[in-house]
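Undergrad: My questions all concern the structure below.
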Amino acid sequence: MSRFFVPEQNIDDAAGTVTVTGTDVNHLKNVLRAARGTKIELVNTAGYVFGCTVETVGKDKIVCRIDSKEKCPAEPVVPLVLIQGVPKGEKADFLVQKCVELGVTGIIPAVTERTVVKFSGDADREKKRERWQRIATEAAKQSGRGAVPEITKPADFRDLMGALEPDWLKIIPYENEEERTLKQVLREYFPEMNKSTGDREKPKGIYVFIGPEGGFSAQEVEICRSNGFIPVTLGKRILRTETAGLAVVACVRYETGD
């Protein structure tokens, strides 16, 4: 069944209806040939899935009757935000698409010391963000997500340090870390994965910071460490930036039961 995302203000619980607007109207009318009686799924920003029946098809909106409402089981229990050093070319598009499929709840593109990609100004950063947000929306639809992960504007390394949630687990894979592994850290902070672990309070979410093609500088790693990030090793092999993010997201989701 086709699934579309709608803003909260388009849902009228009292009337039992949801109104579809924007570009999805064209897709429903001209691609799916939706008409009165067509069954579709609509999802709000809170992760609820509405089973709906199309009632009226207008020029710029489609009104649907709500038949059912339930929490989407595809949304992860533990929020996971990927902070990704902006990679070159189409790698960023690929990363956004696949990480949304794997279950990230947000992506923060980061401009670090060794980031090759240059932005001409704030408008350029916003243009890139809009592109990545569109890719995230399509990936969320395709993978049956119950929410669209937010993609922020590319942020400079030092600016984003003070903007992160203080009570989240913060992980930074680093090639010069040789002892502490990703698995060890996850099982230390999520005791249900390891019954021998103590009573440490479970974090409300997880940040994973992946460096760009050239990796992190030693100074950046120290700044991250002083801001609560835990360096971890991903094993004996050095992964490309577009591989590392996917590998870590998949591992985190496996270890946290998602």
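Since every read-out is calculated from the coordinates, none of them should be taken as a lab result. Note that the structure is a prediction, hence the values are computed from the model and not measured. When we count neighbours, we look across all protein chains shown, and the Cβ atoms used for this are built from the backbone with ideal geometry, even at glycine.
Undergrad: Quick one: Karplus J couplings for segment 175-183, per residue in order, coefficients 6.51, -1.76, 1.60, θ = phi - 60°, nearest Hz, x for Gly and Pro?
TA: 3J(HN,Hα) across segment 175-183, in whole Hz: 5, 8, 7, 10, 10, 7, 9, 4, 4.
Undergrad: Going toward the positive end of the dipole of the chain, with +1 on Lys and Arg Cβ and -1 on Asp and Glu Cβ, which of F216, Y174, Y48 do you reach last?
TA: Y48
Undergrad: Which of the GluC sites (Glu not before Pro) found in segment 90-127 are loop residues per DSSP with 16 or fewer other Cβ atoms within 10 Å of their Cβ?
TA: Hits after loop and neighbour filter: E90, E113.
Undergrad: As a test of the definition: which semi-axes, in Å, follow for segment 48-175 when you take the square root of five times each eigenvalue of its alpha carbon gyration tensor? Largest first, please.
TA: Ellipsoid half-lengths, sorted descending, are 32, 19, 12 Å.
Undergrad: Could you check what % of the DSSP bridge pairs in the chain are antiparallel, to the nearest 5?
TA: The antiparallel fraction comes to roughly 45 percent.
Undergrad: Mind putting a number on the dipole of the chain about its Cα centre? Charges go on the C-beta only, +1 for Lys and Arg and -1 for Asp and Glu, and I need it in Debye to the nearest 20.
TA: Charge dipole of the chain: 760 debye, to the nearest 20.
Undergrad: If contacts are Cα pairs under 8 angstrom and at least 6 residues apart, what is the relative contact order of the chain in percent? Present the calculation step by step, with values, prior to reporting the outcome.
TA: Details: 474 pairs, mean separation 52.1, N = 258.
In percent, rounded to a whole number, it is 20.
Undergrad: Please give the net charge around R36, taking every other residue with its beta carbon less than 13 angstrom from that of R36, where Lys and Arg add +1 and Asp and Glu add -1. Working shown, then result.
TA: Details: positive: K29, R33, K39, R65; negative: E55.
After counting each charged neighbour, the total is +3.
Undergrad: To continue, here is another question. Give the distance, in whole Å, between the Cα centre of segment 153-175 and the Cα centre of segment 73-102.
TA: Each part's Cα centre sits 15 Å from the other's.
Undergrad: Okay, next question. Considering just Cα atoms, how many Å³ per residue does the convex hull of segment 11-115 enclose?
TA: Roughly 139 Å³ of hull volume per residue.
Undergrad: Follow-up. Using unit Cβ charges (K, R positive; D, E negative) and no other charged atoms, how large, in debye to the nearest 20, is the dipole of segment 3-71 about its Cα centre?
TA: Roughly 300 debye, rounded to the nearest 20.
Undergrad: If you project the alpha carbons of the chain onto their three principal axes, what span does each projection cover, largest first, in Å?
TA: Its Cα atoms span 61, 50, 30 Å along the three principal axes.
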